[in-house]
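Data block below; observations after.
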Amino acid sequence: MTEDIASRRAARGRLGWRINAVGLIGLAVVVFWAFVAIFGPMLAPYPVSEIVDFDYFGGMSAQFWLGTDYLGRDMLTRILYGARYTVGISLAAVMLACFIGVTMGMVAATVGGWFDAVLSRAIDALGCVPNLLLSLVIVAAVGSSIPVLILTLAAIYSCGAFRFARALAVNVNTADYVKVARARGERLPYLIREEIFPNIIGPVMADFGLRFVFIVLLLSGLSFLGLGVQPPNADWGGLVRENISGLALGAPAVLMPSIAIASLTISVNMLIDNLPTRIRDRSE
Amino acid sequence: MKNLVEVMNLHVGAVTDSGRKVEIIRGISFSIAPDEIVALIGESGSGKTTTALTLMGYTRDGCAITGGHVFVDGYEVSAQTEHERANLRGKLVSYVPQSAAAAFNPSQTILTQVIEIAQIHKLGSRDEARRKAIELFRALALPNPETIGDRYPHQVSGGQLQRLAAAMALIGEPKVVIFDEPTTALDVTTQIEVLRAFKKVMQGKRIAGVYVSHDLAVVAQIADRILVLRNGEVQEAGDTRQILHAPAHPYTKTLIAAYEPVRHDRAAADSADAPVLEARNLSAGYGAPGQDGLPVMLAVNDVSFTLKRGSNLGVIGESGCGKSTLARVIAGLLPPARGEVLFNGKALPGLASKRSKEELRHVQIVFQLADTALNPARSVSDILGRPLTFYHGTRGAARNRRIDELMDMVRLPRALKNRLPGELSGGQKQRVNFARALAADPSVVLCDEITSALDTVVAAAVTELLQELQRELGLSYIFISHDLNTVRAICDEVVVMYGGRKVEQLLPGQLDGGARHPYSQLLISSVPQLDPGWLDNLKQNAKIVEQFAHE
């Protein structure tokens, strides 16, 4: 009997944490970029803004693995440093966005009534302004700095997180166990923290990943338009902008940061689409 | 071959998600003569539906017939190709599902769906099929047989839809019909009409049937023979009367014994005692308040009752009668529009959030479905521990000790402490559900249909437990149910509700013949008895049925 249960739980455990090949590849690439974001500057072969080559838009060579940029700076170094901005700003923004959005969404769903109605309509109104346009206006008005970028991106993407979390929480909120907790006299913080959040965490995690991808793309877009991270520093979007004139030459200086952006966003998508069942669907 | 259906040494296996092979059906054999109805009875997970479905050569996803033979009218369906089987389904064997509401396509008229089988098998023109369908509607005692087919599924009642599903199954003139718990989701007063219609049509057309059910009393009315299944094996097979009156197998005996829970004697409630809970002219409902200050959709209308300390009050009625809303009002989940709830003579605030912890602690609610009443993300000890910490501030070792005590009280092994609800059986979940209410150390427990979703034997055990705990802890229960047998066993007084109103208050002894109100009489007389002749001998006043039954 006990043995049977033990083996069943072991089987469940194996099943629950198993991740398929596609998810594993995604995970590997994400871990790689996370590693680069943390330790990149230590690995960089050259100082970040030093002109190391007389040639500009140099091709790949043993000396400059990813070629050189429009001023003759080492591209590998630039990308290693840029990862910190792209991944760091996006991660900070997405965490902030999801924290604000999910918390407000759960509160709106749990409280309900006019509070929910007013908050939902207000956020719908904010959400219907195109993301890029809104962020351009805010950043142009306030001026670009890293905290401003993080806050702007977070504010814009918390609308979607709010709507997503609210829709999930409304369903959970009608479950009998939430009614029992209410009848017990539990207050709002307990209800959202213990009764609702654990039961929407799976989809919220998937949404977190997706939102991260959107933020990476929007940040890169802003930098590409010149409103993101300011020179001499550059995130990946900024690197593409700096070296855009090399496109005609087929220079790795413009291709490599684009590939970096693509590999990060695609692998995050691959990972969240194939999360282990344990995380993706905790109710099963 | 003499028999219409011959099942020989049937084995059905499945592969679980973790890749383990399990055997669901372990060597079942039975036969069905033409025009005979055989019932498959057993608790959930006993393999009754799986067995019935093999007559169509069908198994659910992930399952497969791994051994044995199934012959229907000379065809070995277990050895046929999917194409050959599809050709027989609807023509030779057909199926009536448990929930007709889920089986009909809501966007097509009923007639289109009923005659679909005739069209698929090219059994004549559309007009012929239509004529045949109307004939069937008439035979199944459906109102307006000529035009009911032009309606959409949501425009007819649940009982009618179930009969329409039977018409759909019968249109291809099959030789065997599989009924999969077709009346389980219906109210008792509706169930009678549906059962009568099924019985009449099956006898009239001399069709063989397999009737899958967990309700012995229902099966007794319609089946010629009964197969008692458990864990994929036949426990006992026999004539209906023999199974009911002279069961041979111990499991069958338990099943029949569980049908009528035993009433335990306990010290009678002291009538001089002040009532522990009292409801005064409660009205409540849903939607915006109208001109009279009452909600648009009034679910509870002017209901009063008193509950004495240590005694039990039953609330019976059919779905939609307002009995669950009444429980919600008492628990403070829905504020009453009028009237008040008094605890120990003191009025309770309408909303739980306005009540003090002490007031909340004394009145606990237990919901029907333990599946949804337990947070799937929290372990048993978390679930039981929360009310301890919340109401009593118990923490650490004291909390663990109390959790162990609670688990002992409801007869749960302590080893289950760290399991999640998904890893427990139905009966275990309901025990956790109940233990959580006990953790608050309450005076009154509102039990909202807590045994309805359980198998008979498990439900009887839970009922027994409730009575035992009452003796030990001096609890009072408000027992909301549609199951008269359980109510009779547990309650000291019974309130009958209809359309949001309390129509009558009875003593349990009066449930047999003592009811005055016509609705109470109808409701009580509609509960099937363990007597094969009950349905045929049942006489109900057609006018009253028309007035009150949810048709």
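The values are calculated or read from the model by the stated rules, or taken from the named source; none is laboratory data. Bear in mind that the values here come from a model prediction, so they are computed numbers and not experimental data. Don't worry about glycine lacking a Cβ; one is built from the backbone with ideal geometry, like all the others, and counts go over all protein chains shown.
The residue pairs whose first member lies in the stretch A:186-205 and is within 8 Å of another protein chain (Cβ to nearest Cβ) and more than 22 Å from B:Gly332 (Cα to Cα), whose second member is buried (at least 16 other Cβ atoms within 10 Å of the Cβ) and of a type outside the set (S, T, N, Q), and whose beta carbons are closer than 6 Å, counting only pairs six or more residues apart or on different chains, are A:Pro198/B:Ala377; A:Asn199/A:Val172; A:Asn199/B:Ala377.
Among the residues that make up the stretch B:432-450, is at least one of them in contact with a Phe, Trp or Tyr (Cβ under 9 Å, 6 or more places away or on another chain), assigned to a helix (DSSP H, G or I) and within 14 Å of chain A (Cβ to nearest Cβ)? Yes, the stretch B:432-450 contains a residue that is in contact with a Phe, Trp or Tyr (Cβ under 9 Å, 6 or more places away or on another chain), assigned to a helix (DSSP H, G or I) and within 14 Å of chain A (Cβ to nearest Cβ).
The residues in the stretch A:109-131 that are closer than 18 Å to A:Tyr157 by Cβ and either basic (Lys, Arg) or touching a residue at least 60 places away in the same chain (Cβ under 8 Å) (or both) can be counted, and the count is 1.
Quick check: anything in the stretch B:201-214 surrounded by fewer than 23 Cβ atoms within 10 Å (Cβ to Cβ), touching a His at 6+ places or on another chain (Cβ under 8 Å), touching a residue at least 60 places away in the same chain (Cβ under 8 Å) and closer than 20 Å to B:Trp534 by Cβ? Checked against the condition, which is being surrounded by fewer than 23 Cβ atoms within 10 Å (Cβ to Cβ), touching a His at 6+ places or on another chain (Cβ under 8 Å), touching a residue at least 60 places away in the same chain (Cβ under 8 Å) and closer than 20 Å to B:Trp534 by Cβ, the stretch B:201-214 yields no hits at all. Looking at the stretch B:62-101, which of its residues are more than 26 Å from B:Gln235 (Cα to Cα) and without any contact (Cβ under 8 Å) to a residue 60 or more places away in the chain? Of everything in the stretch B:62-101, those that are more than 26 Å from B:Gln235 (Cα to Cα) and without any contact (Cβ under 8 Å) to a residue 60 or more places away in the chain turn out to be B:Tyr75, B:Ala79, B:Gln80, B:Thr81, B:Glu82, B:His83, B:Glu84, B:Arg85, B:Ala86, B:Asn87, B:Leu88, B:Arg89.
Looking across the stretch B:414-431 at every residue that is surrounded by fewer than 17 Cβ atoms within 10 Å (Cβ to Cβ) and small (Gly, Ala, Ser), the one that is farthest from the other protein chains (Cβ to nearest Cβ) is identified as B:Ser425. Of the helices (runs of 4 or more DSSP H) lying entirely inside the stretch B:462-537, those containing at least 1 residues that are under 30 Å from B:Arg225 (Cβ atoms) and over 21 Å from the mean Cα position of the chain (by Cα) span B:534-537.
Starting from residues that are part of a helix (DSSP H, G or I) and touching a residue at least 60 places away in the same chain (Cβ under 8 Å), keep the ones in the stretch A:132-149 and report whichever is surrounded by the most Cβ atoms within 10 Å (Cβ to Cβ). Residue satisfying both the conditions and the ranking: A:Leu149. With the requirement that a residue be among the β-branched types (Val, Ile, Thr) and at the interface with chain A (Cβ under 8 Å from one of its Cβ atoms), what does the stretch B:367-389 give you? Residue satisfying the conditions is B:Thr372 alone. Within this structure, B:Ile115 passes the test of being in contact with a helix residue (DSSP H, G or I) (Cβ under 7 Å, 6 or more places away or on another chain) and under 20 Å from B:Gly149 (Cα atoms).
Conditions tested, residue by residue: (1) away from every other protein chain (no Cβ under 13 Å); (2) buried (at least 23 other Cβ atoms within 10 Å of the Cβ); (3) without any contact (Cβ under 8 Å) to a residue 12 or more places away in the chain.
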position	(1), (2), (3)
B:Ala274	yes, no, no
B:Thr306	yes, no, no
B:Val315	yes, yes, no
B:Leu333	no, no, no
B:Glu340	yes, no, no
B:Phe343	yes, no, no
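Scan the stretch B:24-46 for residues that are surrounded by fewer than 16 Cβ atoms within 10 Å (Cβ to Cβ) and either of a type in the set (A, V, I, L, M, F, W, C) or in a strand (DSSP E or B) (or both) and the total you get is 3. Is there a residue being at pLDDT below 85, at the interface with chain B (Cβ under 10 Å from one of its Cβ atoms) and part of a helix (DSSP H, G or I) anywhere in the stretch A:31-41? Checked against the condition, which is being at pLDDT below 85, at the interface with chain B (Cβ under 10 Å from one of its Cβ atoms) and part of a helix (DSSP H, G or I), the stretch A:31-41 yields no hits at all. Entry remark, the stretch B:384-416: residues being assigned to a helix (DSSP H, G or I) and on the phi > 0 side of the Ramachandran plot number 1 in total. Contact map, the stretch B:20-38: residues that are within 14 Å of chain A (Cβ to nearest Cβ) paired with residues that are surrounded by 14 or more Cβ atoms within 10 Å (Cβ to Cβ) and not polar (S, T, N, Q), Cβ distance under 8 Å, separation 6+ or inter-chain. Pairs shown: B:Arg20/A:Ala11; B:Lys21/B:Gly13; B:Lys21/B:Ala14; B:Val22/B:Gly13; B:Val22/B:Ala14.
Could you tell me whether the stretch A:147-164 includes any residue that is within 14 Å of chain B (Cβ to nearest Cβ), out of contact with any Asp or Glu (no Cβ under 7 Å at 6 or more places or on another chain) and of a type outside the set (Ser, Thr, Tyr)? Before the answer, list the steps.
Looking only at the stretch A:147-164, we keep the residues that are within 14 Å of chain B (Cβ to nearest Cβ), and these are none.
Scanning the stretch A:147-164 turns up no residue that is within 14 Å of chain B (Cβ to nearest Cβ), out of contact with any Asp or Glu (no Cβ under 7 Å at 6 or more places or on another chain) and of a type outside the set (Ser, Thr, Tyr).
For the stretch B:58-97, the set of residues classified as out of contact with any Gly (no Cβ under 7 Å at 6 or more places or on another chain), outside any strand (DSSP E or B) and either more than 20 Å from B:Ser31 (Cα to Cα) or β-branched (Val, Ile, Thr) (or both) consists of B:Thr59, B:Arg60, B:Asp61, B:Gly62, B:Thr81, B:Glu82, B:His83, B:Glu84, B:Ala86, B:Asn87, B:Pro97, listed by residue number. The number of residues in the stretch B:352-366 that are surrounded by fewer than 20 Cβ atoms within 10 Å (Cβ to Cβ) and within 8 Å of chain A (Cβ to nearest Cβ) comes to 2. Scanning the stretch A:169-178 for residues that are at the interface with chain B (Cβ under 10 Å from one of its Cβ atoms) and either surrounded by 20 or more Cβ atoms within 10 Å (Cβ to Cβ) or in contact (Cβ under 8 Å) with a residue 40 or more places away in the chain (or both) turns up A:Val172, A:Ala175, A:Asp176, A:Tyr177, A:Val178. Residues that are buried (at least 16 other Cβ atoms within 10 Å of the Cβ) and more than 12 Å from chain B (Cβ to nearest Cβ) were ranked within the stretch A:270-284; the one that is modelled with the lowest pLDDT is A:Arg280.
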